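Heads up: the structure comes next, in structure tokens.
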Amino acid sequence: MKTAIAVYNNRIAPVFDVARRVIILESDTAPGARPTTVRLSGDQPLQKVRQLSALGAESLVCGAISQALQAALTAGGIRVIPFIAGDVQEVIDARSIQTAIEQNNYNRLATAKALGIHKTTLFRRMKRLGLALPEQDGRHHRRSLRLQGCNPMELLKC
């Protein structure tokens with residue numbers, strides 16, 4: 001999945017309608033891989049929609065956006081995530097952490113290992129970026145099965 005992030009001076013562009021550059025992120029790239037920066041040609045909204053579609057972007061992260069341009073992007077099959085502000089690198093970090101957590105079934109320790117960081121570093125980054133910790137960490141808890149009246153050894157035979 002490709003995500004486009006509207007950029008202005010290493011921050012999320014405040015208004016996508018006048019943005020000239022986007023960063024393209026691919027979900028299957030390794031953590032720490034460099035994203036691709038693309039210059040948007042033309043000022044016409046439909047040109048931007050066509051260019052993002054040609055790049056294969058499935059979602060767009062931006063600041064403010066006009067209703068007409070958002071409708072055109074949505075009609076073109078691009079999911080718009082508006083009203084995001086801040087440093088681009090922080091948004092990229094938050095996205096990579098969120099993707100890794102989902103890929104590791106919300107197991108925080110496995111996520112930290114996949115990202116190549118210590119679990120405490122993962123917790124600190126999540127807190128700094130404002131990401132919520134999952135209520136359960138995705139690990140299999142035999143004790144909770146026993147409390148529910150299940151025998152974990154019986155489950156293994158299935």
Open item on the list: Out of L40, L52, L131, I need the residue that is within 22 Å of V7 (Cα to Cα), at pLDDT below 90 and surrounded by 14 or more Cβ atoms within 10 Å (Cβ to Cβ). Which one?
Closed with: L131
Open item on the list: I need the full set of residues from region 30-85 which are in a loop (DSSP other than H, G, I, E, B), touching a strand residue (DSSP E or B) at 6+ places or on another chain (Cβ under 6 Å) and under 26 Å from R128 (Cβ atoms), in order please.
Closed with: P35, C62, G63, I84, A85
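Go through region 30-86 residue by residue and tally those that are small (G, A, S) and touching a Pro at 6+ places or on another chain (Cβ under 8 Å).
6
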Open item on the list: Can you find a residue that is of a type in the set (S, T, Y), buried (at least 18 other Cβ atoms within 10 Å of the Cβ) and on the phi < 0 side of the Ramachandran plot anywhere in region 1-9?
Closed with: yes
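One residue is enough: does region 61-80 have a residue meeting the conditions closer than 22 Å to R34 by Cβ and touching a residue at least 40 places away in the same chain (Cβ under 8 Å)? Before you say what the answer is, go through the steps one by one.
Of the residues in region 61-80, the ones closer than 22 Å to R34 by Cβ are 61-62.
Of the ones still in play, those that are also touching a residue at least 40 places away in the same chain (Cβ under 8 Å) are 61-62.
Among the residues of region 61-80, at least one is closer than 22 Å to R34 by Cβ and touching a residue at least 40 places away in the same chain (Cβ under 8 Å), which makes the answer yes.
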Open item on the list: Looking at the structure I just gave you, is I81 closer than 25 Å to K48 by Cα and among the β-branched types (V, I, T)?
Closed with: yes
Open item on the list: Taking the criterion of being within 27 Å of Q67 (Cβ to Cβ), touching a helix residue (DSSP H, G or I) at 6+ places or on another chain (Cβ under 8 Å) and either in a helix (DSSP H, G or I) or touching a residue at least 40 places away in the same chain (Cβ under 8 Å) (or both), would at least one residue in region 118-130 satisfy it?
Closed with: no
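The values are calculated or read from the model by the stated rules, or taken from the named source; none is laboratory data. Model, not experiment: these values are computed from the prediction. Cβ sites come from the backbone with ideal geometry, for glycine too, and all protein chains shown count toward neighbours.
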